[in-house]
Each structure stands twice: as C-alpha cells, then as structure tokens.
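Contents: one structure, followed by commentary.
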Amino acid sequence: MQTTIDTAEVAKFEAMAAEWWDPNGKFKPLHMLNPCRLDYITAQVAAEFDRDLTGSKPFKGLRILDIGCGGGLLSEPMARLGADVVGADAAPRNIPVAQVHAAQEGLDIDYRHTTAEDMAAAGEQFDAILNMEVVEHVADPLAYLTACQHLLRPGGLMVCSTLNRNPKSYVMAIIGAEHVMRWLPKGTHDWRKFITPDELFALLRDAGLDPVDRKGFVFNPLGWSWSLSSRDLSVNYVTASIKRQV
C-alpha cells in the first residue's frame, strides 16, 4: 500500500527517541507546550462527546489514537483520563521508549510501530485522533489526512496542529528554536513544508472532514509560557474537525 511516510523525517525523530521524557532535552519545546495542547484537546473532546472533565475518568469508553505519538507525551494524559489509547509512530525506536515509560507509570497503552495507512487498511476505528505536529513532516499531507479520516468513526473528532508558513514562523521556528535557543537540532523542520491555516482547512475538507475550530499557540517569552489565542495563528496553531455523518 502507498505510504505517506517521509523516511528522512522519521530518521530525525528516531535519533532523538531516548530523550522524549527529558524536560530539558531536545523535546523541551513540547514539554513546555504540552499543558496548552492538553487544555485544547481535553476541551474539544469533552465538548464533542459531552463529557464532564471534573468527573473521574471522563474519557472512559472513548477510543483515541495518538498518531505520531513519540514517547507518549499526549497518550499518557489521555489514558489517565480513562480513554482506551493507541499510540502509533513511524519511528520504531520511539515505541519501546513509550512502552517503558507507560509501564513505569502503571498505564495500559497500546503502542505500535505502524502508520495511519496501515491501520486504515486494517479497518481500525477511533472516536478521536490526536494528530499533533505530524502533518508538516509527511510526504503527502492530503493522502495522510485522508487515511486519518478513514480511521475516524462517523461523527468522530480530529485535533490537528502544525506550523504556519510565513516569515515570522521562519524566524521563530527555524532561526529561533533551532539556531538561537537550540531547543531543537538544526534541520528538525523544513519551512517549505509548513502549512497555512487556510491551506490546512482546505486539506481537511478535501479529506472528508469538517473543520469546526482553530486557535493559535502563542509563546510569551516574558512569562516563558504558552497560551491559546483566537486571533494569533502566526506560528503554531491547532485545529478541530469532525468526520461527516454518513
């Protein structure tokens, strides 16, 4: 079956696999961003499936796919909230790292070295997909998002985040994060593969999804923290979309 995997992109993250859970390591930007990502994800899932986040295990009964799961930074919180979680990654070295950490935390998460295309071909179905910081690394974004759409049950939710493509994102994500702050190894991102919000909405629609929301992730260098913004989508941003009912 045709794959959208970009082997060069996979190799970049595989080389960093052992550092996933080091908050001051190469994935420091994700650790800093994670609380903001989780706020958005949990709010969208709770709204779509009418769940009370103040209750115990509010996502119980929901099957959630964390595609491009890495070391499990999002899979683990979803499992703690009661979801049945599958964490999938195209980089094989990420999987044992995620498995070991989940076992240490006493969490039962189904981690797999696989792709969206292979899971779709196998007929897998999920209530929600977390598709965070992946689409800018694949060879064919539309084919990849279409495979994700096939993995969603009708009425299912996909949360997808990526990086905008403009001069500011080049300065912040490439020069700032990779060359000045050295948060990421040089060459982690290819600015030419960044996707504007309008482009992503068009791709999602072409893939058979209905975009329903988008927000920006905004970094405050003074407070050294991230927040959600309804207006500033200039660098990092996140979207929510729903699979059309048959």
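The values are calculated or read from the model by the stated rules, or taken from the named source; none is laboratory data. Bear in mind that the values here come from a model prediction, so they are computed numbers and not experimental data. Cβ coordinates were reconstructed from backbone atoms using ideal geometry, including for glycine residues, and neighbour counts include every protein chain displayed. All accessible areas refer to the heavy atoms of the entire protein, side chains included, with ligands and DNA or RNA removed. Shrake-Rupley method; radii C 1.70, N 1.55, O 1.52, S 1.80 Å.
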Original post:
With the other protein chains left in place, how much accessible area per residue, in square angstrom, belongs to the stretch 40-139 at a 1.4 angstrom probe?
Top reply: 38
Original post:
Projected onto the charge dipole of the chain (+1 at Lys/Arg Cβ, -1 at Asp/Glu Cβ, origin at the Cα centre), which of ALA46, PRO197, ASN131 gives the Cα projection farthest towards the positive end?
Top reply: PRO197
Subject >> Rounded accessible area of HIS150 (nearest 10 Å², 1.4 Å probe) >> reply: 100
Original post:
Relative contact order, percent, of the chain when contacts are C-alpha pairs under 8 Å separated by at least 6 residues?
Top reply: 19
Original post:
So, with a 1.4 angstrom probe, what is the percent of accessible area on the stretch 7-243 that is carbon and sulfur?
Top reply: 54
**OP:** Below 25 Å Cα-Cα, how many Lys pairs turn up in the chain? Only count pairs eight or more apart in sequence, or on different chains, if you could.
**Re:** 20
**OP:** Output ³J(HN,Hα) for the stretch 79-87: one whole-Hz value per residue in order, computed from phi by the Karplus curve 6.51 cos²θ - 1.76 cosθ + 1.60 with θ = phi - 60°, and x for Gly and Pro.
**Re:** 5, 5, 7, x, 6, 8, 10, 10, x
